[in-house]
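The next block holds one structure in the form of structure tokens; read it before the comments.
Laboratory data are not the source of any read-out in this text; all were calculated from the coordinates shown. Predicted model only: the values in this text are computed from it and were never measured. Neighbour counts are summed over all protein chains in view; Cβ atoms, including those assigned to glycine, are modelled from backbone coordinates with ideal geometry.
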Amino acid sequence: ADADAADDDDGKETISIDNGHGKEAIESSLKNDKDDDDDDDDDNDDVYVWTVKRVGVWLRAIGLGEYSKSFEIGAVDGELLMEMMNDASSSGQTDATEKLLEEELSVSRRLHRLRLIKEMRKLFERA
């Protein structure tokens, strides 16, 4: 496969890949801002400031990366993740959180929902 890269005026890099079946263009933003990189560090223990991308990293770390896209579409950042757990903790029940995970974030397997709630509780307790 041949690859060509070119910078556009808007700060994006377009990479064209010829995979033998035609050309496919991939755009990726060029990141030069160190602050953006810091948000996604594994060392960042303040869950409330996690970005949506960092939540995806956490999902992969706990073995549930298959839900990263659903959480991204739902714009679940660290603050929202903690709010979901706060609601469950204040009521003493996880039924609403489990329902939210199933209906809004497409976590269809109950064991996965229970695991997510368990891992969210760990984050909540250390926050």
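With a Förster radius of 30 Å, plug the Cβ-Cβ distance of SER108 and VAL57 into 1/(1 + (r/R0)^6) and report the FRET value to the nearest 0.05.
Numbers: r = 22 Å, r/R0 = 0.74.
Efficiency for this residue pair is about 0.85.
Region 63-115: Rg/Rh from Cα coordinates, Kirkwood Rh?
Values: Rg = 10.6 Å, Rh = 11.3 Å.
That ratio equals 0.94.
Please work out the Kirkwood hydrodynamic radius for region 41-83, using every pair of different C-alpha atoms, and report it in angstroms with one decimal place. Mind showing how you got there, number by number?
On the way: mean 1/r = 0.0994 Å⁻¹.
With all distinct Cα pairs of region 41-83 included, I get 10.1 Å.
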